[in-house]
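What follows is a single structure, written as structure tokens, with notes after it.
What follows draws every value from the coordinates through simple rules; no lab data is involved. Remember, predicted model here, so these are calculated numbers, not experimental data. Cβ: placed from backbone, ideal geometry, glycine included. Neighbour counts: every protein chain shown.
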Amino acid sequence: MKNKLFIYNTLTRKKEEFKPLHEPNVGLYVCGPTVYGDAHLGHARPAITFDVLFRYLTHLGYKVRYVRNITDVGHLEHDADEGEDKIAKKARLEKLEPMEVVQYYLLRYHKAMEQLNVLPPSIEPHASGHIIEQIEFVKKILDAGYAYESEGSIYFDVEKYNKNFHYGKLSGRNIDELLETTRELDGQSEKRRSVDFALWKKASPEHIMRWPSPWGEGFPGWHLECSAMGTKYLGEEFDIHGGGMDLMFPHHECEIAQNSAALGKETVKYWMHNNMITINGQKMGKSLGNFITLDEFFSGRHSLLSQPFTPMTIRFFILQAHYRSTVDFSSDALEASEKGLARLMEAYMRLQKLMPSATSTVEIVGLRDKCEAAMCDDLNTPIVISHLFDVAKAINTVHDGKGAISETDLTELKDVFDVFVKDILGLQTEDVAGESNEAYKKAIDLLLQMRLEAKQNKDWATSDKIRNELTALGFSIKDTKDGFEWSL
């Protein structure tokens with residue numbers, strides 16, 4: 001029997017027991033990136049958050065269809081309806097085809113996700129590959145009477161929709177008040193109201209990406225792609241829609257309106273939103289110019305970074321905070337995460353080498369249940385990590401010869417660590433400076449064996465020289481009763 005999973009539903013503003021519409025099948029849709037630049041820390045958080053959700057739902061026995069879209073058209077520079085298409089602008093500045101820009105940055109995004117050990121989604125649809133579906137969706141909204149044509153563009157009629165539904169229910173916006181305060185300003189553009197949003201935009205002569213439609217050549221509005229692709233691959237009603245909190249308004253609010261207008265019902269049962277990565281208290285993002293790319297983290301080439309940080313350090317840093325809390329970036333915080341991860345992974349590696357005794361003198365009972373309870377409480381990864389650290393102390397006690405563990409307890413502990421450290425949290429040993437390379441490891445082992453022999457021969461000068469030189473290069477060396485241990 002599955003554990004009861006409770007997740008915070010942004011729409012109802014409370015934790016709810018997760019009950020899929022078609023158990024054991026689960027439909028999960030997550031807003032992916034707009035691919036016009038390198039992925040940064042703000043992209044890593046939703047990717048890791050919903051990767052953990054995907055992993056945990058699978059662990060609970062559900063069959064998950066995970067859809068993560070790629071925005072490669074329609075996301076305009078200034079807001080959802082005005083300005084130049086972000087990808088088209090990048091293409092114009094670099095004298096490339098828009099899809100060259102998309103391909104270049106999408107490959108880099110995939111590489112960064114792989115380094116972070118983020119599992120690929122079941123389906124990764126592109127907005128530009130679903131123009132027909134988006135045009136058909138606009139037709140449904142027009143037929144239902146919740147959209148209008150103006151100068152070759154199609155706009156969603158928020159005021160009319162709000163009379164029959166509730167525009168603003170997800171984000172908590174008071175649209176009635178907004179309509180009143182902006183009514184005097186309207187009539188200055190092709191929209192009837194400033195709160196109306198584009199479903200289809202007429203392409204200006206200089207606009208690069210354009211497609212034929214019943215209303216002339218143009219391109220889809222940014223919000224439309226998720227409505228069209230979510231319902232195409234997951235059906236008119238599906239379980240979970242996720243994304244960053246910054247997408248609640250207008251993007252997800254508009255998506256709810258589009259779905260309700262076209263289909264006469266809401267599509268999503270549970271809305272989940274991760275909170276922001278901040279820097280000096282301000283959201284980290286491309287639009288604000290205060291972001292640090294993942295490549296810069298991995299290389300250390302940024303003025304705010306004291307050193308390079310590995311992908312697993314970034315992942316651990318994000319998992320140490322609950323997904324609904326803000327995380328304020330600092331190099332000091334990352335250094336602390338690096339040390340914490342090293343302690344946890346050292347305990348994990350030591351666990352693999354422990355030998356069982358007849359009885360246990362360390363307490364490990366209940367670890368699995370405690371970790372499951374934390375995950376079922378709205379994916380509380382920081383609590384899971386704290387439970388794992390508690391047991392890491394027991395592992396180190398046994399490793400240092402100050403305690404014992406029975407074969408039954410050892411088998412259970414190894415399985416729990418495998419499940420929660422590797423399978424659910426997605427943490428893995430790093431490939432740092434060739435550490436996974438057998439020749440590299442053998443070379444370090446050889447040097448330390450030579451040091452051990454020097455100590456046995458009381459050649460303290462050679463012994464100290466090897467240790468000091470390796471320590472200066474960043475190696476941590478520990479003498480043990482069986483010889484030595486090292487890590488980078």
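Available extension along the chain between ARG192 and GLU159 is 10.9 nm, counting 0.36 nm per residue and deducting the alpha carbon span. For THR12 and ARG343, the difference between the fully extended length at 0.36 nm per residue and the C-alpha to C-alpha distance is 115.2 nm. Based on alpha carbons, the Rg and Dmax found for the range 438-487 are 10.3, 30 Å. Taking one quarter of the surface of the convex hull spanned by the alpha-carbon atoms of the range 255-310 gives a direction-averaged projected area of 6.3 nm². Shown here: the range 97-146, whose C-alpha atoms stretch 47, 28, 15 Å along the first, second and third principal axes, sorted largest to smallest.
With contacts taken as Cα pairs under 8 Å and at least 6 residues apart, the chain reaches a relative contact order of 16 percent. Ordering of 468-477, 356-365 by packing is 356-365, 468-477, highest average first (other Cβ atoms within 10 Å, averaged per residue).
Each residue of the range 133-150 was assigned a 3J(HN,Hα) from its phi angle through the Karplus expression (A = 6.51, B = -1.76, C = 1.60, θ = phi - 60°), giving 4, 6, 4, 5, 5, 4, 4, 4, 5, 4, 4, 7, x, 10, 8, 9, 8, 8 Hz with x at Gly and Pro.
Counting every alpha-carbon pair across the range 14-125, the share separated by more than 19 Å comes to 53%. Across the alpha-carbon set of the range 298-424, the Rg to Rh ratio works out to 1.03, Rh being the Kirkwood radius. Quick one: go through the range 20-34 and flag any residue whose amide nitrogen is under 14 Å from the point 7 Å out along the Cα-to-Cβ line of LYS265. Backbone N within reach: 21-22. Cβ-to-Cβ counts within 10 Å put CYS371, CYS376 in ascending order as CYS376, CYS371, the fewest first.
Taking every alpha-carbon pair under 8 Å whose residues sit at least 6 apart, the range 253-364 reaches a relative contact order of 22 percent. Restricting the GluC sites (Glu not before Pro) of the range 1-93 to loop positions (DSSP other than H, G, I, E, B) with no more than 15 neighbouring Cβ atoms within 10 Å leaves GLU77, GLU82. Take each peptide in 324-336, 241-253, 151-163, count the other Cβ atoms within 10 Å of every residue, and average; sorted highest first, the result is 241-253, 151-163, 324-336. Using R0 = 41 Å, the C-beta based FRET efficiency linking LYS139 and GLN103 works out to 0.85. Projecting label points 7 angstrom from Cα along Cα→Cβ for LYS169 and THR480 puts them 5.8 nm apart.
Projected label points at ARG301 and HIS59, each 7 Å from Cα along the beta carbon direction, are separated by 3.7 nanometres.
Counting only Cα atoms, the size of the range 246-345 along its three principal axes is 53, 32, 22 Å, in decreasing order. Within the range 389-418, list the residues whose amide N lies under 13 Å from a label point set 7 Å along Cα→Cβ of THR359. Residues 404-406 fall inside that zone.
Report summary: the helix-based calculation at 222 nm, which adds -39500 (n - 2.57) for every DSSP H run with n ≥ 4 and divides by the residues of the chain, gives -13500 deg cm²/dmol.
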